[in-house]
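Accompanying notes for the structure given below.
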Amino acid sequence: MTTPTIVLVGHGMVGQRFLEALADRGLTSRARVVVLCEEPRLAYDRVHLSSYFAGTGPEALSLVEAGFMAEHGIELHLGDPAVAVDREARTVTARSGLTVGYDTLVLATGSYPFVPPVPGRDAGGCFVYRTIEDLLAIEEYAMTSRTGAVVGGGLLGLEAAGALKGLGLDTHVVEFAPRLMPVQVDEGGGEALRRTVEEMGVTVHTGVGTQEILTAGDGSVRAMALSDGSSLETDLVVFSAGVRPRDQLARECGLPVGERGGIVVDAACRTEDPHVYAIGECALASDGRVYGLVAPGYEMAETAAKAIAGQEGSFTGADTSTKLKLLGVDVASFGDAHGATAGCLDVVYSDSRSGVYKKLVVSRDGVLLGGILVGDAEQYGMLRPLTGSVPPVPAEHLVLPAGAGAPVALGPSALPDEAVICSCHNVTKGTIRGAVTEHGCATVPEVKKCTRAGTGCGSCVKVLGQLVTAELEASGVEVDKGLCGCFAHTRQELFEIVRALRITGFRELLDRHGREGARGGDGCEVCKPAVGSIIASLAPSIGASGYVLDGEQAALQDTNDHFLANLQRNGSYSIVPRIPGGEITPEKLIVIGEVARDFGLYTKITGGQRIDLFGARVDQLPVIWARLVEAGFESGHAYGKALRTVKSCVGQTWCRYGVQDSVRMAIDLELRYRGLRSPHKLKSAVSGCQRECAEARSKDFGVIATVGGWNLYVGGNGGATPRHADLLAQDLSDAELVRLIDRFLMFYIRTADRLERTSAWLERIEGGLGHVRDVVVHDSLGICEELERQMAGHVAGYRDEWAETLDDPERLRRFVSFVNAPGVPDPSVRFVPERDQVKPDLGLLAGPVLAVRTLEGTTTA
Amino acid sequence: MNVEVLLPGTADWFAVCDHDALTPGRGVAALLPDGRQAALFTDRHGRAYAIDNRDPFTGAYVLSRGLIGSTAEGRAFVASPLLKQRFDLENGRCLDDEAVSVPAFPVRMR
């Protein structure tokens, strides 16, 4: 028996899902599977394309697990699209000339952006918005542009507008219909959306069409002529006026297509030719519709895979409910959103102050038929599964904001087991409960992996979290969230206790709030530095000493903080003086060189634009620092869970591309936040233009200059788990930037776990970036004033720890190698030469006991 | 009041320092007459402990610079400042690796 061949044309989201469906059914081991893909990369998440600009790189958008193709023996040809199908010979030919014979052909060619036939549409500076390549081209062109216009105010158009805004362009949206997102929302919703979008600085033009793209002498875009006779000056145009099915291949081989495009398929997703299937956006489903959403596409992928495997399955139409975040605004539409059902009624809540619009469509007998949510789509995860049933509370209660009128405690527990929670992967509440109770999943990531729920558009993740927690609690699982064996509280809870009760001592905290058995004890290596850090962060506002080594606080600090230097593997320390923004005078450089030479220190330039001096003994630290302080240096806090460095590029002053003075801003920020103790180290950078030479998006808080001010990115990280920072706010003035960073850092310090970097914190906290933005930008918790006050207290109370230490003989007493021989250097700290400098003599440490001079034999030099 | 350490293999008590030189919850290093190094600690109740200063996992003479704590059973320990293994301050046993221990020295105050 020969092995059958399945050829898939197109490797987008639906194509990848089809391959997974084949693998799930064991077809990849029974058949040869060949994939022809036009794009140069594996399937990626097109739904979240604009997140590429908000901090997600192309790799993070990938939908293909590493090794998937190899594991299943799939032959993948990237950058080689199919160009012809010979149905008689059953072969497909690719652009490279490669011809593959097939037993089954699956077309998943997706759609192409529709560009209205206006004159000048091919001018330089005109783009479409569909692929990562499109985005990269827009990004490059935007470098030399100031204004950008998007043609089309639908879902993709607003996504594109968000992307242009993120690139620092003055952004316009031109929509032919009288409102934004005409397909999903009604007039009221469109109005709410428009107001919010305009508040974000995007100019909206509705009810006007694009008549012509006007060009400059060099053939590039100069302006757009609009149907109302006006013109709009712009450097860049993105066409986002809808998509059309890519059915060319099918047309050319004689397969029937719909009048308005789309390859005609039956309920099994099969075309007229029994050997050929079509799935996703290129197909005209058996209900006569072309579905442009990912969830129906996934269903079609499953249906086709089932049919090929000889199983029953059909796709006869799908729910087109959607929930999106466009330009930071939640928009959701589900069921009969426009009230097309005969005799249906509306319940509407509209608050134009906060940009919230909610409409529910109900039947006369109270059945929820559909709805539209703009500005606050929190309830989408609950309302969509309730569609088609009579909700347990009256509809008016469902649209009122929390706290208004009768309280509505409508949690996921109100849903029946058959309610579909994840519509992308068609996962019911019952399946999710089963994952917890029968498959032992105890966390959302585990449930996601087990059921695939929440791995599509992600709109159900919040409800998913609530379900998992409710199920765990119901089965009596109690997770100890305590900081350590001494405290049953989390770091955040301890922070609140210290703040509210103004506790300034570790013993007091342990004896009053520690676990029963730990009270009266010494704490441990986990809680002591954590509490030390909390007290240091809050010092000015709770009346504690700002000096981290005062009194009882001295016993809490890790050795690095204790000696204000970084312990290295042979027991020596390294020293990093602060060099704000990486700017240093020749005189100061010479001092560092002289100190390093005089004390025989190994010197290395750090990644944070500073200089690290290695190999100092404990007893040398004060003498070295006396020299550094005298030359005007201060502690760089490289030893602390504190602000490290604010790196910068050279900026507008010198660089021909720079648009702001990034060095000055970096220095200002570094001096403002120096010494700030936090749950983990904090790194920052400021770039003077979008070229991002300072790598700000790999930092806890990164600032990138725009023509209009500064963009603030948060939650970035390098290291073992790199993460691009997310855009928090755009086009900020100096003062707005500083105020926002004040709030962000204090909110992080307040709510993060011990040793939790901002990147992990942002991923963990409920509501994620959206919640953090609500709190620090929109002040949803009403705490911003307090956060700012705490930061002001820190700034006012800052003193250089090394200068303070040198001024106090009592504090200097600890800097000895031996308590009983203060002048004796530690004989175990020795060095050997390496590349014209020194390195630790580790051979000396290898033996069981060190052979050293006796106490009697030593001199006190 | 002086803190004294019983020198290993002898019956001699060696006076290291005044008790006031110790910070509760922290340690100091002491040089013994034979050139060995001891790490001296005192807990919050003023009780003193001494173990060898050498961290057996790295070879570095740094245990005196670790943070001390107490286990749920109330045993005092120090966590190495390098790789954080914990050592029982009374008997020198490593709490994270049964096969490893450091010498512990009897301590008295005079």
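Quote the Stokes-Einstein diffusion coefficient, in whole µm² s⁻¹, for the stretch A:699-773, based on the Kirkwood radius over alpha carbon pairs, a temperature of 20 °C and a viscosity of 1.002 mPa s.
170 µm²/s
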### Message
Is there a quick way to get the dipole size of the protein assembly as shown? I mean about its Cα centre, with the Cβ of Lys and Arg at +1 and of Asp and Glu at -1; what is the value in debye to the nearest 20?
### Response
1400 debye
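How much net charge surrounds residue A:109 when only other residues with a Cβ under 13 Å from its Cβ are counted (Lys, Arg +1; Asp, Glu -1)? Write down the numbers at each step before the final one.
Numbers: positive: A:130, A:244, A:246, A:251; negative: A:38, A:39, A:247, A:252, A:281.
Taking every other residue near residue A:109 into account, the sum is -1.
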### Summary
In whole angstrom, largest first, the equivalent ellipsoid semi-axes that the Cα gyration tensor gives for the stretch A:642-799 are 23, 17, 15
### Query
Relative to the longest principal axis of chain A, what angle (0 to 90°, nearest 10) does the C-alpha long axis of helix A:784-797 take?
30 degrees
### Query
the stretch B:19-39 to the stretch A:689-736: how many Å between their Cα centroids?
48 Å
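Over the stretch A:425-578, consider all pairs of different Cα atoms and compute the Kirkwood hydrodynamic radius from their mean reciprocal separation; express it in Å, one decimal.
Numbers: mean 1/r = 0.0534 Å⁻¹.
Across the stretch A:425-578, the inverse of the average 1/r is 18.7 Å.
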### Task
May I ask you to give the average projected area over all directions of the convex hull of the Cα atoms of the stretch A:491-557, in nm² rounded to one decimal?
3.9 nm²
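Let me have the 222 nm mean residue ellipticity of the protein assembly as shown computed from DSSP H runs of 4+ only, each contributing -39500 (n - 2.57), with the sum over all residues rounded to the nearest 500. Working shown, then result.
Details: 27 runs with 257 residues, N = 971.
Value at 222 nm, helices only, nearest 500: -7500 deg cm²/dmol.
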### Query
So how tilted is helix A:294-308 from the main axis of chain A? Cα-based, degrees 0 to 90, rounded to 10.
70 degrees
## Note on the structure
Cα-based Rg then Dmax for the stretch A:115-241, in Å, read 13.5, 43
### Task
May I ask you to list the lysines whose Cα is less than 27 Å away from that of residue A:449, ignoring any residue fewer than eight positions away on the same chain?
A:306, A:323, A:325, A:429, A:462, A:481
### Radius of gyration and Dmax over the Cα atoms of the protein assembly as shown, both given in Å
33.3, 105
### Task
Tally up the carbon and sulfur contribution to the accessible surface of the stretch A:491-557 as a whole percent, 1.4 Å probe, everything protein left in place.
46 percent
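Report D for the stretch B:31-108 in µm² per second (integer): Stokes-Einstein, Kirkwood Rh on Cα pairs, 10 °C, 1.306 mPa s.
Numbers: Rh = 12.3 Å.
Diffusion coefficient, whole number: 129 µm²/s.
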### Message
What three numbers, in Å, describe the spread of the alpha carbons of the stretch A:1-151 along their principal axes, ordered from the longest?
### Response
63, 35, 21
### Query
All other residues with a Cβ under 10 Å from the Cβ of residue A:351 taken together, and with Lys, Arg as +1 and Asp, Glu as -1, what is their net charge?
+1
### Query
Using the alpha-carbon centroid of each, what span in Å lies between the stretch A:216-254 and the stretch B:52-110?
72 Å
### Task
Count the net charge of all other residues whose Cβ sits under 14 Å from the Cβ of residue A:185, scoring Lys and Arg as +1 and Asp and Glu as -1.
-2
### Virtual spin-label span in nm between residue B:12 and residue A:604, 7 Å along Cα→Cβ
4.2 nm
### Task
Return the lysines within reach of residue A:681: Cα separation strictly under 18 angstrom, same-chain partners fewer than 8 residues apart disregarded; answer none if there are no such residues.
A:528, A:641, A:647, A:699
### Summary
If one compares the long axis through the Cα atoms of helix A:734-751 with the longest principal axis of the Cα atoms of chain A, the angle in degrees, nearest 10, works out at 80 degrees
### Task
Just tell me which aspartates and glutamates come within less than 15 Å, Cα to Cα, of residue A:604; anything on the same chain fewer than 8 places away is out.
A:594, A:612, A:834, A:836
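The values are calculated or read from the model by the stated rules, or taken from the named source; none is laboratory data. All values reported here derive from a predicted model rather than from experimental measurement. Because the Cβ atoms are built from the backbone with ideal geometry, glycine has one as well, and the counts that use them run over all protein chains shown. Calculation scope for accessible area: heavy atoms of the full protein, side chains included, ligands and nucleic acids excluded. Shrake-Rupley method; radii C 1.70, N 1.55, O 1.52, S 1.80 Å.
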